[in-house]
Amino acid sequence: MTKVLKIGGSILTDKTKPAAARPAEIQRIAKEIASSVEDLVLVHGAGSFGHISAKRYGLPQKFSPEGLRVTHNSVVKLNDLMVEALGKAGVSPMPVHPFSCTLLRDGRIEGFALEPVKEMIRDDLLPVLHGDVAMDINRKAGIVSGDQLVAYLAWALRAEIVAVGTNVDGVLISGRPLKDLTRKDLPPLERGIGDSSGVDVTGGMRGKLLELLDLADEGIESVIFNAAKEGNIAGALKGESAGTKVRRAN
Ligand code: IP8
C-alpha cells in the first residue's frame, strides 16, 4: 500500500527567517515517520530554505541562474537535515532532488524520472523529495512545490494514503477544521484561505488545495492534517489522522 506523506516547510523551519531550521521538530518528525515507513514516499516543503531566496531572486517569474543555484543549494541543505534525522531514527532514507529529475511545462510537471523512486520503494529505501527549482520547457525554469510533487507522485504511484502535514488542523473555517472538502466547497472558501505565515511563493493553503482537488478528481483522496501535533504523523501514516479530507464531488 503506497503512501505519500508531505511535511510542510512551516513545521521544519521558521518561515520568517532565512534558512532557519527547527532541529527538534525535524527529529521528532523523523521518529514518527520511522514508526510506519513501508512503501512510503516523503516530500517536504522548502520553508525558509527556499521561499526567501526564491523571492529575493524574483523566481519563478524571472530567470536567474544565480537564483536557481542558490535556492536549489539551500533547499538541498534542509533535505540533508531531514535525511540525516531519518537515518538517526533508524530509517534508510535517500535524498531525491527534484531539480535533477523533473521537467516542467508552464510550471506543471511534464516529466519525472519515476523508476528510481519505484526501485527505492521496492528495495526498502525511503525516497525523500522536496520543493525545488526545476527546468521548464517554456519558461526556462520555475518552481515545483512539494504539493505539486505529492499530487504527481500519488497519482503516478496510485497511492492509497496521501497525507499532507501542515501547522494547522486542516482547512479552517472560523478556526475549526472542515471534515471534508470537495471542489464545490472551494469558491466560498477562497477569500479566507491562502495566507501563509512568513514568505511563500507557491500559494500557501490555496495552492495546496488546488493540487489536492486535482488529485481527488483522479479518484485519489488525501487528508490535510496538523503535523505539528505529536502523534498525528504516525496516525496519518496508518490512515487514521484527524484533519480535512479532500474528496471528489459526487
Ligand atoms: O515549500 C517551494 O516548495 P514548497 C520550493 O513545497 C521553493 O511550496 C524553491 C521555493
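The values are calculated or read from the model by the stated rules, or taken from the named source; none is laboratory data. These figures come from a predicted structure and were not determined experimentally. Quick reminder, even Gly has a Cβ in these numbers, built from the backbone with ideal geometry, and neighbours come from all protein chains shown. Keep in mind that these areas ignore ligands, DNA and RNA; they rest on the heavy atoms of the full protein, side chains included. Shrake-Rupley method; radii C 1.70, N 1.55, O 1.52, S 1.80 Å.
Once the gyration tensor of the Cα atoms in the stretch 143-183 is diagonalised, the equivalent ellipsoid follows with semi-axes of 23, 13, 9 Å, ordered largest first.
For the stretch 146-250, what is the per residue volume of the convex hull drawn over the alpha-carbon atoms, in cubic angstrom? Mind dumping the intermediate values first?
On the way: hull volume 10.4 nm³, N = 105.
Normalising the Cα hull of the stretch 146-250 by residue number yields 99 Å³.
The distance between label points at residue 249 and residue 182 comes to 0.8 nm (points 7 Å beyond Cα on the Cα→Cβ vector). Taking 12 Å as the straight-line reach from the Cα of residue 118, the aspartates and glutamates in range (excluding those fewer than 8 positions away in the same chain) are 39. Summarising the label geometry, the points placed 7 Å from Cα in the beta-carbon direction at residue 100 and residue 38 lie 3.0 nm from one another.
From the Kirkwood radius over Cα pairs of the chain, Stokes-Einstein at 37 °C and 0.692 mPa s returns a whole-number translational diffusion coefficient of 185 µm²/s.
Solvent exposure of the chain, expressed per residue, is 45 Å² of accessible area, with all protein chains present and a 1.4 angstrom probe.
If you place +1 on the Cβ of every Lys and Arg and -1 on the Cβ of every Asp and Glu, how big does the dipole about the Cα centre of the stretch 126-238 come out, in debye to the nearest 20? Numbers along the way, then the final one.
On the way: 12 positive and 16 negative charges, 25 e Å.
Dipole of the stretch 126-238, to the nearest 20 debye: 120 debye.
How high is the relative contact order of the stretch 1-62, in percent, with contacts defined as C-alpha pairs under 8 Å that are six or more residues apart? Working shown, then result.
On the way: 73 pairs, mean separation 29.4, N = 62.
Taking the mean separation of contacting Cα pairs over the length of the stretch 1-62, I get 47 percent.
You can think of it this way: the chain between residue 242 and residue 119 has 41.2 nm of extra reach, that is 0.36 nm per residue less the Cα-Cα gap.
Remark on the stretch 52-108: Rg and Dmax equal 13.9, 41 Å (Cα only).
Please report, as a whole percent, how much of the solvent-accessible surface of the chain comes from carbon and sulfur atoms (probe radius 1.4 Å). The value for the chain is 50 percent carbon and sulfur by accessible area.
Inter-label distance, residue 234 to residue 55: 3.6 nm, where each label sits 7 Å from its Cα along the C-beta direction. Taking the DSSP bridge list for the stretch 119-235 and keeping only pairs wholly inside it, about 65 percent are antiparallel.
Global dimensions of the stretch 88-141 from alpha-carbon coordinates: Rg and Dmax equal 13.1, 42 Å. Entry for the stretch 77-219 at q = 0.14, 0.17 Å⁻¹: log10 I(q)/I(0) = -0.77, -1.11, Debye formula applied to identical alpha-carbon scatterers, no solvent contribution.
First select every other residue whose beta carbon is under 15 angstrom from the beta carbon of residue 2; then total the charges, Lys and Arg +1, Asp and Glu -1. Show your work: numbers first, answer last.
Details: positive: 3, 6, 118, 122, 158, 238; negative: 38, 39, 115, 119, 123, 124, 160, 218, 221.
Value of the local net charge: -3.
From its DSSP helices (H runs of at least four residues, each -39,500 (n - 2.57)), the chain gives a residue-normalised ellipticity at 222 nm of -10500 deg cm²/dmol.
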